[in-house]
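Participant: Just passing along the structure, written as structure tokens.
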Amino acid sequence: SSLEAYSNTIKITLTPYTTETPKLWLPGSYQADSGYGNNWTQSTAATLASEGFGNANFEGYVYFASAQAAPDNGFKFSSQPDWNGTNYGDDGSFSGILSTSGDNIGISAGYYRITANITIPTALSYNLTATEWGIAGNATTNGWDGMTPMTYNPTTKKWSIITTLTTQAAPDNGLKFKANGSWDINLGDNGADGSAEYGGTNIGTTAGTYLIELDLSNPRAYTYTLTAQ
């Protein structure tokens, strides 16, 4: 016959973790006027996304319908969708340095590309770049050097334009999206799949009139559509 044997009991502690892309929430006094729910409410606030799990570089686009003057108004960065995490404001110098005990960050009206780095303790910084978006390329009326402006809709959170395009084949021809009439910030499509990447491949076109929409509301997951009219 066989005899059963038992080892000593060993306790194991399991700590769950997530590989979800980290976010920063931007609660502030801008929200109600700009299409982001109630003021100072993280759950509906605009967000920034990091480059990936374990990365502390964040980016996203946020619309501010009106100027927000610090210190009473403005916004902060939150590590959680509530006030129970780490909250970052300006360190008081208003030179792009963050502090966990900092002031509200004031801002002028506009549509901003916002970046932040919360690598502790080596870097706590943020940058605000106002942007106006449009299309450029030899498929458009203003060519590669010019820019045909798009219009922002705070309800849909998309930039759009209805315009006539010519037939142009990617990758050498077509169109791209660019900000502020410059190529410093531009978006193309590397996979011809409707996603928009910085410095991406030209977008090929077929002649006709199109509703063109650019959606930058999902941080680091930017998309566009060309819909024939």
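Participant: Accessible surface of S160 in the full protein assembly, 1.4 angstrom probe, to the nearest 10 Å²?
Facilitator: 40
Participant: Same structure again: Could you give the accessible area per residue of region 112-229, probe 1.4 Å, as a whole number in Å²?
Facilitator: 47
Participant: Please give the net charge around S217, taking every other residue with its beta carbon less than 9 angstrom from that of S217, where Lys and Arg add +1 and Asp and Glu add -1. Numbers along the way, then the final one.
Facilitator: On the way: positive: K157, K158; negative: D215.
Summing Lys and Arg as +1 and Asp and Glu as -1 gives +1.
Participant: Along the charge dipole of the chain, Cβ charges K/R +1 and D/E -1, which of I105, T140, W159 sits furthest on the positive end?
Facilitator: Farthest along the dipole direction, towards plus: W159.
Participant: What are the ³J(HN,Hα) couplings of region 208-214, residue after residue, when phi is run through the Karplus curve with 6.51, -1.76, 1.60 and θ = phi - 60°? Round to Hz, x for glycine and proline.
Facilitator: x, 9, 9, 8, 10, 10, 10
Participant: Now a separate question. Compute the label zone of A228 within region 206-220: residues whose backbone N is under 15 Å from the point 7 Å along Cα-to-Cβ.
Facilitator: 206-212
Participant: Find, among the chymotrypsin sites (Phe, Trp or Tyr not before Pro) in region 155-229, those assigned to loop by DSSP (not H, G, I, E, B) with at most 14 other beta-carbon atoms within 10 angstrom.
Facilitator: Answer in residue order: W183.
Participant: Considering lysine pairs in the chain that are 8 or more places apart or on different chains, how many have Cα atoms under 26 Å apart?
Facilitator: 10
Participant: Which sequence of K76, K11 reflects their accessible areas, 1.4 Å probe, from the largest down?
Facilitator: The most accessible residue leads, giving K11, K76.
Participant: Using the Cα centre as the reference, give the magnitude of the dipole from point charges on the C-beta atoms of region 75-155 (Lys, Arg: +1; Asp, Glu: -1; all else neutral), rounded to the nearest 20 debye.
Facilitator: 100
Participant: With only Lys, Arg, Asp and Glu charged, each at its Cβ (+1 for the first two, -1 for the last two), find how big the charge dipole of the chain is about the Cα centre; round to the nearest 20 debye.
Facilitator: Approximately 140 debye in magnitude.
Participant: Follow-up question, since we're still on this one. Taking log10 I(q)/I(0) by the Debye sum over Cα atoms at q = 0.07, 0.08, 0.18 Å⁻¹ straight from the coordinates, which label in (1) -0.30, -0.37, -1.26; (2) -0.19, -0.25, -1.42; (3) -0.24, -0.31, -1.40 is the correct one?
Facilitator: (1)
Participant: Moving on. Compute the signed sum of charges (Lys and Arg +1, Asp and Glu -1) over the other residues within less than 13 Å, Cβ to Cβ, of G143.
Facilitator: Working: positive: K176, K178; negative: D145.
Summing Lys and Arg as +1 and Asp and Glu as -1 gives +1.
Participant: Something else now. Share of the chain's accessible area from carbon and sulfur, percent, 1.4 Å?
Facilitator: Values: 5810 of 11900 Å².
About 49 percent, which is the carbon plus sulfur part of the accessible surface.
Participant: Given the -39500 (n - 2.57) contribution per DSSP H run of 4+ residues, what per-residue ellipticity at 222 nm results for the chain, rounded to the nearest 500 deg cm²/dmol?
Facilitator: 0 deg cm²/dmol
Participant: Residue-wise, which Karplus ³J(HN,Hα) couplings in Hz belong to region 25-41, taking 6.51 cos²θ - 1.76 cosθ + 1.60, θ = phi - 60°, and x for glycine or proline?
Facilitator: Along region 25-41, the couplings run 9, 10, x, x, 7, 7, 4, 4, 6, 10, x, 10, x, 6, 4, 6, 10 Hz.
The values are calculated or read from the model by the stated rules, or taken from the named source; none is laboratory data. The model shown is predicted, which means the values in this text are computed figures rather than measured ones. Cβ atoms come from the backbone with ideal geometry, glycine included; neighbour counts cover every protein chain shown. Each accessible area value is taken on the protein alone, full model and side chains, heavy atoms only, with ligands, DNA and RNA left out. Shrake-Rupley method; radii C 1.70, N 1.55, O 1.52, S 1.80 Å.
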